[in-house]
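Engineer: Here it is, the structure in full.
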Amino acid sequence: MSDIRLIKPYLSFDEVETEFRDVFETGMFTRGKHVDAFRQELTAYTGAKHAFLTTSATTALWTCMKLLGIKADDEVIVSDFSWPATANVVEDLGARPVFADVSLDTFNMLPADLEKKITARTKAVIFVDALGNPTGLSEIKKICERHGLPLVEDAACAIGSSEFGRRCGSIADITCFSFHPRKLINTGEGGAILTDRDDWAKWLEIKLGAGVSGMKGPGADFVDFGYNFRLPEMAALMGRKQLAKLESIVDERNEIRAMYVAALEPRGYAVQASGHEVRHNIQSLVFRVPVGSDRNAMIRELKAVGIESTIGTYALGSTTYYRNKYHQAPSNSECLFETALTLPCYRGVDVQRVVQAMATIELHQL
């Protein structure tokens, strides 16, 4: 019996082979037609005005912090339930990440906790679409607007998701996507920055282009210092192929979610909730295990029978580094870190086998 992986890519070599050969024949491995097309297709899909490709969501977030002028002694409020990169990009610039607690239902930033943590030193807010779920993003944006704070959306997991009919990428002031292999669009590594602001787009065009703006004689005119976080041509091609079928991917994952929910909720598992106005891409299918269950044992025992699973994500304030330095540990986030379980979710996954294996493990735990 074959193993059940946590996720499989929505892309085959056959889909890109012809274009890969063309890239090799032309020698255009960077800044080619697929990079330009991917940028345009991202703006068309999301409704954002500008899109810029990067090497990862981490470099995208870090660039956004530089764009906003985040510096030493500033504070940036971040969702506590996330991958550490969300806080790391703040920490790297000498600023202080302030951890906002999250909902036990949606796993997303609590508006009331955000309000409590805004101070005169707060310079920005990073909202995380936890595991692809944008529930509450629009409400957080209203709070940020009221306080005059820029809202950065860490949408690393959220391409294909939407709230109130607006797709992630066009809601916050600036948005960062990831194209890591665990994501629904997988370019190996990669990311993107999206915004509607023309002034920010001009800054990003120069900074992400090594500081170049036009030509000076036969060479480039370097008007500023900048960075090389470019996404290669072949990676952009991979992204384009998956973006073209993203809607059907999201539909499939929601159908699989419904199958799991029907089988597991009667047994006490609580699936990550999303608002009625939300289309959740189900980047990760996550349940809180029943009270009294041993989540870590469940992961170990599923692995023993060839089924890959994992935690939800991390409680940032509870990680060793951030707990020791800032002594913040939001309680809901810590609870989710200890109880959230991610299950395999992709086309063709044997849901019945996963569910039956879980039932057997539950009997062992009684």
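Engineer: For segment 10-17, does any single residue satisfy the condition of being in a strand (DSSP E or B) and hydrophobic (A, V, I, L, M, F, W, C)?
Structural biologist: For segment 10-17, residues in a strand (DSSP E or B) and hydrophobic (A, V, I, L, M, F, W, C): absent.
Engineer: Moving on. Looking at the structure I just gave you, is GLY148 surrounded by fewer than 20 Cβ atoms within 10 Å (Cβ to Cβ) and without any contact (Cβ under 8 Å) to a residue 24 or more places away in the chain?
Structural biologist: So GLY148 passes the test.
Engineer: Let me ask you something else. If I ask for residues that are in a strand (DSSP E or B) and either more than 22 Å from ILE282 (Cβ to Cβ) or basic (Lys, Arg) (or both), which ones from segment 79-117 would you list?
Structural biologist: Of everything in segment 79-117, those that are in a strand (DSSP E or B) and either more than 22 Å from ILE282 (Cβ to Cβ) or basic (Lys, Arg) (or both) turn out to be ARG96, PRO97, VAL98, PHE99, ALA100.
Engineer: Further question on the same structure: Looking at the structure I just gave you, is VAL354 part of a helix (DSSP H, G or I), of a type in the set (A, V, I, L, M, F, W, C) and either touching a residue at least 24 places away in the same chain (Cβ under 8 Å) or open to solvent by less than 20 Å² (accessible area, probe 1.4 Å) (or both)?
Structural biologist: yes
Engineer: In segment 272-296, what residues are out of contact with any Asp or Glu (no Cβ under 6 Å at 6 or more places or on another chain), among the hydrophobic types (A, V, I, L, M, F, W, C) and open to solvent by 20 Å² or more (accessible area, probe 1.4 Å)?
Structural biologist: VAL291
Results for (1) surrounded by fewer than 19 Cβ atoms within 10 Å (Cβ to Cβ); (2) under 30 Å from ALA304 (Cβ atoms), shown as yes or no for each residue.
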residue: ASP3; (1), (2): yes, yes
residue: LYS8; (1), (2): yes, yes
residue: ASP14; (1), (2): yes, no
residue: GLU25; (1), (2): yes, no
residue: THR54; (1), (2): no, no
residue: THR59; (1), (2): no, no
residue: CYS64; (1), (2): no, no
residue: GLY69; (1), (2): yes, no
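Engineer: Which condition from (1) surrounded by fewer than 15 Cβ atoms within 10 Å (Cβ to Cβ); (2) within 24 Å of the chain's Cα centre (by Cα); (3) among the small types (Gly, Ala, Ser) is the one that GLY317 breaks?
Structural biologist: Exception for GLY317: condition (1).
Engineer: Kindly list, by first and then second residue, each pair from a residue in segment 182-207 that is touching a residue at least 24 places away in the same chain (Cβ under 8 Å) and on the phi > 0 side of the Ramachandran plot to a residue that is surrounded by fewer than 17 Cβ atoms within 10 Å (Cβ to Cβ) and part of a loop (DSSP other than H, G, I, E, B), limited to pairs with Cβ atoms under 8 Å and residues at least 6 apart or on different chains.
Structural biologist: Once the first residue is touching a residue at least 24 places away in the same chain (Cβ under 8 Å) and on the phi > 0 side of the Ramachandran plot and sits in segment 182-207, its partners that are surrounded by fewer than 17 Cβ atoms within 10 Å (Cβ to Cβ) and part of a loop (DSSP other than H, G, I, E, B) give GLY188/PRO181.
Engineer: Among the residues of segment 103-144, which ones are buried (at least 21 other Cβ atoms within 10 Å of the Cβ), under 22 Å from MET65 (Cα atoms) and among the β-branched types (Val, Ile, Thr)?
Structural biologist: Of everything in segment 103-144, those that are buried (at least 21 other Cβ atoms within 10 Å of the Cβ), under 22 Å from MET65 (Cα atoms) and among the β-branched types (Val, Ile, Thr) turn out to be VAL125, ILE126, VAL128, ILE140.
Engineer: Specify which of the listed residues (ALA172, ALA120, ALA192, ALA158) is aliphatic (A, V, I, L, M), in a loop (DSSP other than H, G, I, E, B) and closer than 16 Å to SER56 by Cβ.
Structural biologist: So the residue among ALA172, ALA120, ALA192, ALA158 that is aliphatic (A, V, I, L, M), in a loop (DSSP other than H, G, I, E, B) and closer than 16 Å to SER56 by Cβ is ALA158.
Engineer: So which residues in segment 24-67 are farther than 23 Å from PRO181 by Cβ and among the small types (Gly, Ala, Ser), if there are any at all?
Structural biologist: Listed by number, the residues that qualify are GLY27, ALA44, GLY47, ALA48.
Engineer: Exactly one condition in (1) under 25 Å from ASP199 (Cα atoms); (2) in contact with a helix residue (DSSP H, G or I) (Cβ under 8 Å, 6 or more places away or on another chain) is false for PHE20; which is it?
Structural biologist: (1)
Engineer: Quick one: ALA304 ticks every box in (1) under 28 Å from ARG166 (Cα atoms); (2) surrounded by fewer than 18 Cβ atoms within 10 Å (Cβ to Cβ) bar one, so which box is it?
Structural biologist: (1) is the only condition that ALA304 fails.
The values are calculated or read from the model by the stated rules, or taken from the named source; none is laboratory data. What you see is a predicted model, and the numbers here were worked out from it, not measured in a lab. Using ideal geometry, Cβ is built from the backbone for each residue, glycine included, and neighbour counts are taken over all protein chains shown. Areas reflect the complete protein model, heavy atoms only, side chains present, ligands, DNA and RNA absent. Shrake-Rupley method; radii C 1.70, N 1.55, O 1.52, S 1.80 Å.
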